[in-house]
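**Student:** After the structure tokens below, expect a handful of questions from me.
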């Protein structure tokens, strides 16, 4: 699975659990960490955990190696390392505080409209 397919898988899995405000950033030209960052929001701790679990389960189904999962117990910011794609699932206030979109503002936004339901 290439990084674009991995990105699509993560976006669709998050959207399937009603993640809000999903943003994908193409960071490969400005960071050696990954090709893409995905940032999404859950409305409660339980929803953040459900979104993270859905992405992790889908990765297992697709036999994608998960580097690590951080923050799942606290559910304010869960980071899922899928190798070329790093997924950040936030509570709204935590996302606003860290503002990764501004931090990585040099990264182009990926059009994911075809992968999410309105």
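**Student:** Just checking, how many residues over segment 11-39 are part of a loop (DSSP other than H, G, I, E, B), surrounded by fewer than 18 Cβ atoms within 10 Å (Cβ to Cβ) and either in contact with a strand residue (DSSP E or B) (Cβ under 7 Å, 6 or more places away or on another chain) or on the phi > 0 side of the Ramachandran plot (or both)?
**Tutor:** Summing the residues that are part of a loop (DSSP other than H, G, I, E, B), surrounded by fewer than 18 Cβ atoms within 10 Å (Cβ to Cβ) and either in contact with a strand residue (DSSP E or B) (Cβ under 7 Å, 6 or more places away or on another chain) or on the phi > 0 side of the Ramachandran plot (or both) in segment 11-39 gives 2.
**Student:** Hey, could you check segment 48-71 for residues that are under 27 Å from residue 105 (Cα atoms) and over 12 Å from the mean Cα position of the chain (by Cα) and say which is surrounded by the fewest Cβ atoms within 10 Å (Cβ to Cβ)?
**Tutor:** Across segment 48-71, the extreme among qualifying residues is 68.
**Student:** For segment 40-63, which residues satisfy the criterion of being touching a residue at least 24 places away in the same chain (Cβ under 8 Å) and not in a helix (DSSP H, G or I)?
**Tutor:** 40, 41, 42, 43, 44, 62, listed by residue number.
**Student:** Which of the strands (runs of 3 or more DSSP E) contained wholly in segment 64-118 include at least 3 residues that are without any contact (Cβ under 8 Å) to a residue 12 or more places away in the chain?
**Tutor:** Per the criteria, no element qualifies.
**Student:** Do we find that residue 17 is farther than 18 Å from residue 111 by Cβ and touching a helix residue (DSSP H, G or I) at 6+ places or on another chain (Cβ under 7 Å) in this structure? Walk me through how you get there before you give the answer.
**Tutor:** Details: farther than 18 Å from residue 111 by Cβ: yes; touching a helix residue (DSSP H, G or I) at 6+ places or on another chain (Cβ under 7 Å): yes.
For residue 17, the condition - farther than 18 Å from residue 111 by Cβ and touching a helix residue (DSSP H, G or I) at 6+ places or on another chain (Cβ under 7 Å) - is met.
**Student:** Among 78, 116, which is the only one that is modelled with pLDDT of 95 or more and either under 11 Å from the mean Cα position of the chain (by Cα) or on the phi < 0 side of the Ramachandran plot (or both)?
**Tutor:** Details: 116 fails: modelled with pLDDT of 95 or more.
Matching residue, one of 78, 116: 78.
**Student:** Which condition does residue 74 not pass, out of (1) farther than 18 Å from residue 115 by Cα; (2) buried (at least 18 other Cβ atoms within 10 Å of the Cβ), if it passes all the others?
**Tutor:** (2)
**Student:** If you take the residues in segment 84-113 that are under 12 Å from the mean Cα position of the chain (by Cα) and under 13 Å from residue 27 (Cβ atoms), which one is surrounded by the fewest Cβ atoms within 10 Å (Cβ to Cβ)?
**Tutor:** So the residue we want is 100.
The values are calculated or read from the model by the stated rules, or taken from the named source; none is laboratory data. This structure is a prediction, so every number in the text was calculated from the model and none was measured. All Cβ positions, even for glycine, are placed from backbone atoms using ideal geometry, and neighbour counts span all protein chains on display.
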